[in-house]
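J.: Once you've had a glance at the structure underneath, I'll fire off some questions.
The values are calculated or read from the model by the stated rules, or taken from the named source; none is laboratory data. Source: prediction; values computed, not measured. Note that we place each Cβ from the backbone using ideal geometry, even for glycine, and neighbour counts take in every protein chain shown. Ligands, DNA and RNA are stripped out before the accessible areas are found, and what is left, the full protein with its side chains, is counted by its heavy atoms. Shrake-Rupley method; radii C 1.70, N 1.55, O 1.52, S 1.80 Å.
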Amino acid sequence: MRQLTFRRLVAPGLLALLCLHGRPALAQISLLPTEVATDVSISWEVRNRFRLFRDEKDFNRHLAAESGRTILQAEQTLAQETDGRGWARDMVTRLCVDGAGRVLDTCVRDGVRESYLDPVDHRVTVRLTGAVPAGASCAWSVDNGDGAPQTLTNGCGEDVNLRALYGRTTKVTVDIAAGGVTRRASDAIAVRDLLMAGLGDSIASGEGDPDRPVALTDDGFCFRNFIATGRSEYFRPGRVGFNGDKACDGARDPDTNMQEWARLSARWMSSACHRSLYSYQLRAALGLAVENPHVAVTYLPLACTGATIDTGLFGPQRARELNCGDTNDSSCPTTIAGQITQLRVILERAKRARPNRKLDLVFLTIGANDTYFSGLVADVMIDSTAERLLARRSGVISSVEDAQAQLDKLPANFARLRAALKPLVGGSLDKVVFTSYGNPALAADGGVCAGGRDGFDVHPAFNANGERLRRVTLFVQNKFLPAVKALATCTGGITCGPGESMAFADAHQAAFAQHGFCAHADTDPDFDRECFSREGKSFAANLVDAATDPMACDLGASEFRAYASRARWIRTANDSYFTAMTFPEGVSSTIQPSDLHDATWGILSAVYGGAVHPTAEGYAAMADSALTVARSVLQLGQATTGVSEKTLAPPAPPVPQAPVAPGPVQAPQQPPAPAAPADAYTPAPPPR
């Protein structure tokens, strides 16, 4: 394999031609071709073309898993390969972001220092395909218009690596000499560098799926519990490596405990925003890079858990956690600037370096927090009287009536959002792919999950109330989801100006109806089937036993696999605690705990890590839906070639699972179906 390298140097005579083995191989073509090669062609692909990845091995891993598959199928393959431990646990340390998750101005990618927003060039591999004669010799000429063409002679079976200048067309010609006859083939290399951004709330950021899940210890950690007549205690698994007080009567300094506890947190691309590589937005952007060998994707991850249009997109919001990397960093941001502000600053910086640099695509999901969705979840989950009173007083709980009142206010805020986004995407919002939510509480039989403690017994006060759950689920299905679609697509009575209708992705909704949080299967992980009791008896009730082994089953908590394939695509409260165990700093002062064992921590640590958010499989299904629409927006076809087969190991067979059927772009002029009455269940449409 040979490599041609072009640099912007002081004099054109300094341009060097390099071989992968370190030996120069300069040559002049002396044979004139006698015919055009009709059965041989030049193919080329951009290497490591998802530019957020620093190391090509990480991109190649996804290239191998996704080639010829959906993103969902690839996720299931990667889950199988990692025994459910997750593929992102190591990749998260090899990204072009800093410890707080902010995109770096300059990043060392595959050993070369690059500007992230204004790359000088792109690494490209060129090869011959077709009926290449055995033993033929190939004389290559590469002309990027900057100085004399560079030449190289080698065997025709060898790949040629070069760096194609950004924004230039590079002409590649090869003369194939065999049997005394020389034939010529040629092609033009023009890399399309796509600049994309991901905006929105917790569903956009990847909440519920940290890049590296928390490591669980098999012994117990004590929490206090609110009860009407006094204080009781209960034990749940703690964090591996914590040497502080595990009992509720510990005397160590709370600040010291907290610092040590925070150091052992789950790892996120951005802990402040619970932003993850499992985000559907990142997976869809990565999918575009995987299937299009002639593009490079420069992705800007900006979505943040807890965001609303007003607080999060326009205005700043509180950080979810203060933890930048493997050690607690006092420089971690306590507040996050509005995502629109961040995007404007980045685009201004990009245009200063390259005036014609523009935003090609935006992934967006927003609106759930604007209608108090987390409050609805808390209303369903928290059943104990004492905890409900505390949660209601501190604003944690919201009712369907509260949510409906906020939904009525959403059109005005959405109009502000359209006006702000429009100039950032060239005056037309058809470059914004709004990906809708999946209803988390639909049962496979066509109804609503029944509720109860199945998946919700990690806290003694939890019990998914069936009637409240039914009301919330029907509100989401029949009111919220149609309203969001109408706002994004300017239909259903929503009036918009020219160019203000967004592209819309919702093909995943039918699949989510089969994978709600109450879904079970015989193929679920052993830990789930043996240790998460459907009757709400997952944990040891005896305090003496629970202190050393809090699980009621025969397996230890460390056997839980956050990223194993399972029937439910929604994190339960149990999943949330076992995956992320979040102790959020950015909560209201009225419920800010005094120490690690405080009664409020038990609730917050089970909820704020992503309860009732998609699993990695759920996000992958959303990514497939968003990818289908993004292809159309960008006018990209689904590629079937461009994979370096001889450098990639064959992927493992996917875990059997129903894939998401791709759906077409939703036509803005088609109004949504009339909303059903709030007390009637409207099933999701079948996949198209």
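J.: Using the Karplus equation 6.51 cos²θ - 1.76 cosθ + 1.60 (θ = phi - 60°), what ³J(HN,Hα) coupling, rounded to whole Hz, does each residue of the range 502-514 give in order, writing x for Gly and Pro?
T.: Along the range 502-514, the couplings run 8, 5, 9, 10, 8, 5, 7, 4, 5, 5, 4, 5, 9 Hz.
J.: Return one whole number: the accessible area per residue of the range 328-431 in Å², for a 1.4 Å probe.
T.: About 43 Å² of surface per residue is accessible.
J.: Could you please state how large a percent of the accessible area of the range 512-579 is carbon and sulfur, counting protein chains only and using a 1.4 Å probe?
T.: After summing per-atom areas, the C and S share lands at 45 percent.
J.: Still on this structure: Leaving ligands, DNA and RNA out of it, work out the accessible area of Asp110 with a 1.4 Å probe and give it in Å² to the nearest 10.
T.: 60 Å²
J.: May I ask you to give the percent of accessible area on the range 430-498 that is carbon plus sulfur, with a probe radius of 1.4 Å?
T.: Roughly 52 percent, rounded to a whole number.
J.: Using modelled backbone amide H atoms (1.01 Å from N, in-plane), which distant-in-sequence or interchain residues come within less than 5 Å of Arg47's amide H?
T.: Amide H neighbours of Arg47: Arg123, Val124, Thr125.
J.: Val448's amide H: which non-local residues (gap 5+, or another chain) put their own amide H closer than 5 Å, with H modeled 1.01 Å from N in plane and none for Pro or chain starts?
T.: Ala443
J.: In whole Hz, what ³J(HN,Hα) sequence does the range 44-49 give by Karplus (6.51, -1.76, 1.60; θ = phi - 60°), x for Gly and Pro?
T.: Result, ordered by residue: 8, 8, 7, 7, 6, 7 Hz.
J.: Ok, one more. Which value, in debye to the nearest 20, describes the size of the charge dipole of the range 376-454 about its Cα centre when Lys and Arg Cβ atoms bear +1, Asp and Glu Cβ atoms bear -1, and nothing else is charged?
T.: 500 debye
J.: Roll a 1.4 angstrom probe over the protein heavy atoms and tell me the percent of accessible area of the range 75-183 that is carbon or sulfur.
T.: 46 percent
J.: Positive end of the charge dipole of the range 256-390 (Lys, Arg +1 and Asp, Glu -1 on Cβ, about the Cα centre): tell me which of Tyr299, Ala378, Ala368 has its Cα farthest that way.
T.: Tyr299
J.: Using DSSP to define loop residues, name the trypsin sites (Lys or Arg not before Pro) in the range 523-612 whose beta-carbon has at most 13 other beta-carbon atoms within 10 Å.
T.: Lys537
J.: Once Rh for the range 56-137 is found with the Kirkwood sum over Cα pairs, what is the Stokes-Einstein diffusion coefficient at 20 °C and 1.002 mPa s, in µm²/s?
T.: 134 µm²/s
J.: Step through the residues of the range 333-347 one at a time and calculate ³J(HN,Hα) from phi using the Karplus curve (6.51 cos²θ - 1.76 cosθ + 1.60, θ = phi - 60°), rounding each to whole Hz and writing x for Gly and Pro.
T.: x, 8, 10, 10, 4, x, 5, 5, 4, 4, 5, 4, 4, 5, 5
J.: Counting other Cβ atoms within 10 Å, keep those with at most 15, restrict to DSSP loop, and tell me which trypsin sites (Lys or Arg not before Pro) in the range 89-139 are left.
T.: The qualifying sites are Arg94.
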